[in-house]
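A short worksheet on the structure shown next.
Any read-out appearing in this document is the output of simple, stated calculations on the displayed coordinates, not a laboratory observation. Since we're looking at a predicted model, the values are computed, not measured. Methodologically, a virtual Cβ is constructed for each residue, glycine included, from the backbone with ideal geometry; neighbour enumeration extends over all protein chains shown.
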Amino acid sequence: MACECGPTPTTIERGKPASQTSSSTSSELIILRARPIYATFVDSELYPSTPALNMSLMTFSRHTVKQLKFVLPGGLLTYYFDSWNVLLRILNGQAGEGRWSRLSARLSIFSAAITVSSFLYVLALPLVRGEQPNYRSWRQSGVLSTVIPVMTVSIVAGWSLLVYTLGQWSSLGYLEGIIAATALYALAFGLLGLIPAPRVRRQ
């Protein structure tokens, strides 16, 4: 009398040894059990929306929020003080203060242009040199040890000249000129920070 408990008996196909049939059944069971794992692996390869992409999206979101902390206040204060139009009026001589005001405005814009150019060059350095530079040890880098000090000096000089220009040759005065100049630089650096940095594998 056959016992009904226990595993379901395996049907042995005619012409095949019992060991081969048992082995094939075991292989099928292993494949069926491993199928969810394999499917997950295939999905992660074809659709990399699993941990790597989620982590990159989280990093991108945090970076965007961090930059918006500069963009939003800088943009609102720039709009409130009308800083850019005030600077353009001084630059065009509409303020009626002579050539010194125009010279100061030009120097401040020239320093800002050096800052932006240096920043974009540092940002594009992996594409220019074909390798990912080590920004932490920039003092040991032949290029970064030159570009970063130039960019730092241009930031300080440009901001100082902008404060002097707005404070001396506009109705803002020095206190509001400091706020307006800081807002303009915060807006500019916030927007520059939103530019994605290229990645090159280190050799």
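The figures follow:
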item: Assigned charges on the beta-carbon of Lys, Arg, Asp, Glu; the range 66-193 dipole about Cα centre (debye); result: 240
item: Projected area averaged over orientations for the range 66-193, convex hull of C-alpha atoms, nm²; result: 8.5
item: Simple spin-label estimate for Tyr135 and Tyr79 in nanometres, 7 Å along Cα-Cβ; result: 2.9
item: Candidates per trypsin sites (Lys or Arg not before Pro) in the range 55-162, loop by DSSP, up to 12 other Cβ within 10 Å; result: Arg136
item: Spin-label model distance (nm) - Val150 vs Arg199, 7 Å beyond Cα toward Cβ; result: 2.9
